[in-house]
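The values are calculated or read from the model by the stated rules, or taken from the named source; none is laboratory data. Please read these numbers as outputs of a predicted model, since none were measured by experiment. Here the Cβ positions follow ideal geometry from the backbone for every residue, glycine too, while neighbour counts run over all protein chains shown. Ligands, DNA and RNA are stripped out before the accessible areas are found, and what is left, the full protein with its side chains, is counted by its heavy atoms. Shrake-Rupley method; radii C 1.70, N 1.55, O 1.52, S 1.80 Å.
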Amino acid sequence: MRKKTYFQGRLTFQGSALTKYPNAGLMNKCISGLFLLFFICTTAKADHITGGEMSYIFTGVSGGLYQYSGTLKLFMRCNSGRRFNDPTVISVFNKSTNSRVADLSVPLARRETISLPNADPCISNPPVVCYEVGYFTFRLSLPASALGYVLSSQVNYRINGISNLSNGYSQVGALYTAEIPGTSPVVNGPENNSATFVGSDLVIVCANNQFSYSFAATDSDGDQLRYSFCNAYQGNGNVGGPGNAGPTLPPPYQSVPYGSAYSGSAPLGSNVQVNATNGLITGKAPPSGIYVVTVCVQEIRNGQVIATQRKDLQINIAPCQVAAALLEPEYLLCKSSNTLTFSNISTSPLITTTMWELVNSAGSTILNSASLTPSYTFADTGLYTIKLAINRGQKCSDSAQSIVRVYPGMVTDFNVSGICINKPTVFTDISTTRYGTINSWSWDFGEPSVFNDISDRQNPAFTYLSMGQKNAALEVTTSKGCRDTLFKTISIVDKPPVQLQFKDTLICTPDQVQLIAGGAGNYTWTPGLNITGANTATPIVAPRVTTKYYVTLNDNGCINNDSVTVRVTDRVSLTAMNDTTICSSDSIRMQIISDGFRYSWTPAFQLSDPNSRNPVAITNSTTTYEVTASIGSCQAREQVVVTTVPYPIANAGADQTICFNQNTQLNGSTNGTALRWSPPGTLSNPQISNPVARPGQTTAYVLNAFDNKGCPKPGTDTVFIKVLADLNASAGNDTTAIVGQPLQLRASGGSLYYWTPATGLNNPNVPDPIARYDQTMNTIRYKVLVYEEGCVDSAYVSVNVYKTGPTVFVPDAFTPNADGTNDLLKPVAAGMSQMEFNVFNRWGQRVFSSAGNSRGWDGTVGGSPQGPGTFVWMVKGVDYTGKPYHSKGTVILIR
């Protein structure tokens with residue numbers, strides 16, 4: 001294996017390490033393995049390098065050799081935590097032969113930090129713009145060469161995540177070059193100072209905003225300079241592994257892999273251009289991300305290009321916003337719409353006011369609006385001027401204007417003929433415009449393998465060199481300034497497709513049939529026997545025997561073949577299904593076996609499709625169906641008799657409503673010989689006409705009736721038994737009252753009520769009667785009947801009548817031992833409308849509290865049983881007359 005060797009010390013080129021190649025065939029020798037190890041160990045991984053450029057100055061001629069002082073300038077992100085390769089390698093190649101002249105090991109001469117200290121206050125969310133710049137200086141002594149020399153240097157990796165490169169290429173190398181002219185085509189070419197880029201790199205570019213970025217250069221020789229976007233180079237010849245870029249391989253150099261919608265000539269997309277005269281990049285920035293941009297500047301002397309210098313930079317397009325009035329260069333209403341909605345391209349939050357003005361060609365203002373996105377419908381064609389002003393009289397004020405062209409009715413379209421590889425494909429423009437004339441055409445035929453797949457002719461031809469889908473595009477312009485682009489996908493094949501309407505058919509002697517083919521080109525059909533129009537796409541044939549016809553399609557020398565078989569017969573085969581029996585009003589699908597092409601059934605009104613092979617028939621009476629099968633003039637007929645039998649009659653009876661948990665009897669009838677009810681689970685006998693049903697919920701019972709008259713299906717009918725919900729009658733809780741106290745009872749659960757006995761009640765037929773008692777009453781028990789939709793349920797309530805004033809009765813003692821007797825201390829209120837009951841221990845702590853008669857104390861606190869002892873109870877309430885009531889006493893807890 002050949003090893004690359006890097007020298008340090010005094011060699012022919014002062015101040016540089018050099019491996020010299022005095023003869024093209026001379027192989028360099030390995031001098032110092034130790035230095036190679038040193039170079040690998042001291043070289044940093046260069047995935048932080050964001051760009052570079054190379055330049056030189058001519059310092060004179062000495063000993064017949066041209067002397068140059070060169071500089072390689074590398075850019076690195078600030079605070080990346082990385083360092084420049086030190087030393088780095090600069091390779092020199094003879095441009096005439098691409099042979100290697102020398103590899104220079106060049107140390108880092110100096111470094112500086114450049115940054116943008118104060119961002120424009122009209123930019124929101126501005127990025128940090130900061131570079132560390134490394135300078136590598138070297139000297140060269142070179143003999144004159146006819147075509148000159150190429151200088152190159154590389155780094156292993158660009159920064160990660162470059163947006164305009166193809167997916168999957170997260171890291172590619174970077175290679176920077178400079179050219180030293182030769183003696184041809186300009187004799188004094190070697191006496192050259194390279195163009196040197198001088199534009200500032202401290203520029204903020206905001207995504208989707210207009211911007212400008214200068215890649216301008218100066219030339220001390222006074223050469224004319226011409227700028228253009230060009231391919232960025234990826235590194236090559238990595239000999240030292242990761243971190244060691246090493247010498248480059250000889251030119252030519254390979255472009256980085258650009259992604260869709262980007263290229264070396266459009267690194268920021270179609271909306272950004274570079275001025276060929278001054279190197280100023282302008283346009284609308286693409287979405288945020290990192291984009292590699294390379295600008296080439298040609299040095300032109302005496303009308304001849306003598307050298308090309310390059311600047312390669314990864315530009316950070318930030319997600320910031322510029323508070324600006326930004327409009328499209330022009331707005332076109334050239335298709336069907338005459339309404340336009342305007343909007344500021346800048347959406348900066350620093351924009352506080354917006355003012356729009358629309359002016360017609362006569363200079364009259366036809367729209368003033370402060371809306372963010374006004375719309376306007378143009379009543380007439382012509383040129384209009386749209387003006388936008390933001391933040392008038394405020395910080396970050398700005399204005400802009402643009403042209404609106406209103407010439408609707410433009411339609412862009414084209415036809416394509418000839419779709420075979422290596423054969424001309426003809427494109428025919430059929431675009432039209434209502435206003436003006438179409439005056440230019442720009443075609444892109446979508447062939448990625450070549451660069452000459454374009455044309456400015458109206459109806460060009462192009463020969464594709466590969467098969468597949470091609471995305472052809474036509475851009476047309478009109479004399480009114482309208483412009484439109486149409487894309488069409490074209491399938492390029494190796495032979496033209498022949499689209500046969502059928503490939504096999506059957507005719508009857510002596511009929512004829514028309515063969516039908518589709519596809520552009522010239523047709524030839526064989527054999528020529530019994531055929532008319534053999535050179536058309538649609539010949540007519542009348543063979544006497546089965547014949548295969550072959551078709552040849554010739555599209556400008558691109559040929560394809562196919563065939564159609566025409567079978568010939570003198571009869572139609574037809575076999576119909578057997579006669580059958582169905583139930584009245586049922587459907588049946590008619591079935592036949594036939595080779596016929598056309599069919600006709602009668603009677604047609606009973607059939608789903610009387611012209612189909614197997615229609616569906618519906619009939620209520622016995623019917624004879626006849627089918628005619630045809631092949632041209634040949635016919636055959638068959639009949640099918642469909643006998644109908646009525647369904648057995650089933651009558652499930654009337655629907656019923658029953659109370660919850662009640663029985664009812666079904667009342668079915670039939671003229672059949674057997675019957676069956678379903679579901680059977682809640683019936684006494686599902687095979688009799690009048691079973692007893694006891695459904696737990698609303699149920700639909702289906703009666704199926706059968707007979708032996710020929711209809712295989714049962715007749716059916718359904719009866720619905722609605723089961724009412726359980727009434728859940730309630731008369732309320734047992735209660736107390738005192739003599740003379742009005743007591744309101746409350747029942748629920750239905751819509752009708754009846755109380756018994758009616759003693760003391762003001763109305764026994766309402767759910768909430770008022771009861772009042774005299775001295776003769778002690779205790780009374782009421783029963784209330786609750787009705788709902790004919791169903792009834794009952795409930796009871798007892799009232800104890802006390803012959804006292806309003807009071808609360810509290811026991812003297814209770815025994816909470818869970819024996820079911822006196823387990824709770826529970827007050828009994830008489831004549832009280834409200835009551836609060838509290839129990840306290842001997843320390844005055846409340847151990848129980850309740851409202852009303854609903855609860856009693858079980859002798860526990862927080863679930864813990866209290867010991868035996870004396871407790872104090874207190875009652876506070878309001879009697880039925882509204883007077884306050886207070887009482888207290890003691891109770892003994894016994895265990």
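Tabulated results
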quantity: Unmet criterion (only one of (1) open to solvent by 40 Å² or more (accessible area, probe 1.4 Å); (2) assigned to a strand (DSSP E or B); (3) under 30 Å from Gly790 (Cα atoms)) for Thr624; calculated: (3)
quantity: Boolean, Pro267 is open to solvent by less than 10 Å² (accessible area, probe 1.4 Å) and assigned to a loop (DSSP other than H, G, I, E, B); calculated: yes
quantity: Whichever residue in the stretch 103-134 is among the hydrophobic types (A, V, I, L, M, F, W, C) and crowded, with 18+ Cβ neighbours inside 10 Å and, among such residues, is nearest to the chain's Cα centre (by Cα); calculated: Ile123
quantity: Subset of the stretch 273-282 [open to solvent by 10 Å² or more (accessible area, probe 1.4 Å) and touching a strand residue (DSSP E or B) at 6+ places or on another chain (Cβ under 7 Å)]; calculated: Gln273, Val274, Asn275, Ala276, Leu280, Thr282
quantity: Matching residues in the stretch 76-102 - criterion: being under 53 Å from the mean Cα position of the chain (by Cα), closer than 18 Å to Ser194 by Cβ and open to solvent by less than 40 Å² (accessible area, probe 1.4 Å); calculated: Ile90, Ser91, Val92, Phe93
quantity: Criterion: of a type outside the set (Gly, Ala, Ser) and within 30 Å of Ser573 (Cβ to Cβ) - qualifying residue of Val702, Val692, Val642, Val719; calculated: Val642
quantity: Test result for Arg405, surrounded by 16 or more Cβ atoms within 10 Å (Cβ to Cβ), basic (Lys, Arg) and either in contact with a Leu (Cβ under 8 Å, 6 or more places away or on another chain) or touching a residue at least 24 places away in the same chain (Cβ under 8 Å) (or both); calculated: yes
quantity: Tabulated pairs, the stretch 447-465, first of a type outside the set (Phe, Trp, Tyr), second modelled with pLDDT under 85 and open to solvent by 30 Å² or more (accessible area, probe 1.4 Å), C-beta under 9 angstrom, 6+ apart or interchain; calculated: Leu465/Ser449; Leu465/Val450
quantity: Residues that are among the aromatic types (Phe, Trp, Tyr) and either without any contact (Cβ under 8 Å) to a residue 60 or more places away in the chain or open to solvent by 40 Å² or more (accessible area, probe 1.4 Å) (or both), drawn from the stretch 861-895; calculated: Phe871, Tyr880
quantity: Residue that is most open to solvent (accessible area, probe 1.4 Å) [pool: residues in the stretch 296-305 that are farther than 10 Å from Arg226 by Cα and either modelled with pLDDT of 95 or more or not polar (S, T, N, Q) (or both)]; calculated: Gly303
quantity: Residues (open to solvent by less than 40 Å² (accessible area, probe 1.4 Å), out of contact with any Ser or Thr (no Cβ under 9 Å at 6 or more places or on another chain) and more than 26 Å from Thr248 (Cα to Cα)) located in the stretch 213-235; calculated: Ala216, Asp223
quantity: Total residues in the stretch 636-649, condition open to solvent by 60 Å² or more (accessible area, probe 1.4 Å) and under 58 Å from the mean Cα position of the chain (by Cα); calculated: 1
quantity: Members of the stretch 388-426 that are of a type in the set (D, E, K, R) and assigned to a loop (DSSP other than H, G, I, E, B); calculated: Arg392, Lys395, Asp413, Lys423
quantity: Residue list for the stretch 739-769, restricted to those being open to solvent by less than 60 Å² (accessible area, probe 1.4 Å) and within 60 Å of the chain's Cα centre (by Cα); calculated: Ser748, Gly749, Gly750
quantity: In the stretch 586-613, the residues that are open to solvent by 30 Å² or more (accessible area, probe 1.4 Å) and touching a residue at least 60 places away in the same chain (Cβ under 8 Å); calculated: Asp595, Phe597
quantity: Any hit, the stretch 707-722, residues being out of contact with any His (no Cβ under 8 Å at 6 or more places or on another chain), without any contact (Cβ under 8 Å) to a residue 60 or more places away in the chain and open to solvent by 60 Å² or more (accessible area, probe 1.4 Å); calculated: yes
quantity: Checklist (1) farther than 30 Å from Arg772 by Cα; (2) in a strand (DSSP E or B) applied to Ala737, failing item; calculated: (1)
quantity: Scope the stretch 722-764; condition at positive phi and in contact with a strand residue (DSSP E or B) (Cβ under 7 Å, 6 or more places away or on another chain); matching residues; calculated: Gly732, Gly749, Gly760
quantity: Residues of the stretch 740-750 satisfying the condition of being polar (S, T, N, Q) and not in a strand (DSSP E or B); calculated: Gln741
quantity: Count - residues of the stretch 522-545 that are open to solvent by 20 Å² or more (accessible area, probe 1.4 Å), over 23 Å from Ile631 (Cα atoms) and in contact (Cβ under 8 Å) with a residue 24 or more places away in the chain; calculated: 3
quantity: All strands (runs of 3 or more DSSP E) inside the stretch 278-348 with 2 or more residues being out of contact with any Ser or Thr (no Cβ under 8 Å at 6 or more places or on another chain), in contact (Cβ under 8 Å) with a residue 12 or more places away in the chain and β-branched (Val, Ile, Thr); calculated: 289-301, 304-318
quantity: Matching strands (runs of 3 or more DSSP E) fully within the stretch 427-521 where at least 3 residues are among the hydrophobic types (A, V, I, L, M, F, W, C), open to solvent by 60 Å² or more (accessible area, probe 1.4 Å) and closer than 30 Å to Leu383 by Cβ; calculated: none
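Each row is one residue, and each column tells you yes or no for (1) of a type outside the set (Gly, Ala, Ser); (2) within 22 Å of Ser145 (Cα to Cα); (3) assigned to a loop (DSSP other than H, G, I, E, B).
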position: Gly70; (1), (2), (3): no, yes, no
position: Lys73; (1), (2), (3): yes, no, no
position: Met76; (1), (2), (3): yes, no, no
position: Ser91; (1), (2), (3): no, yes, no
position: Thr97; (1), (2), (3): yes, yes, yes
position: Leu108; (1), (2), (3): yes, no, yes
position: Thr113; (1), (2), (3): yes, no, no
position: Asn118; (1), (2), (3): yes, no, yes
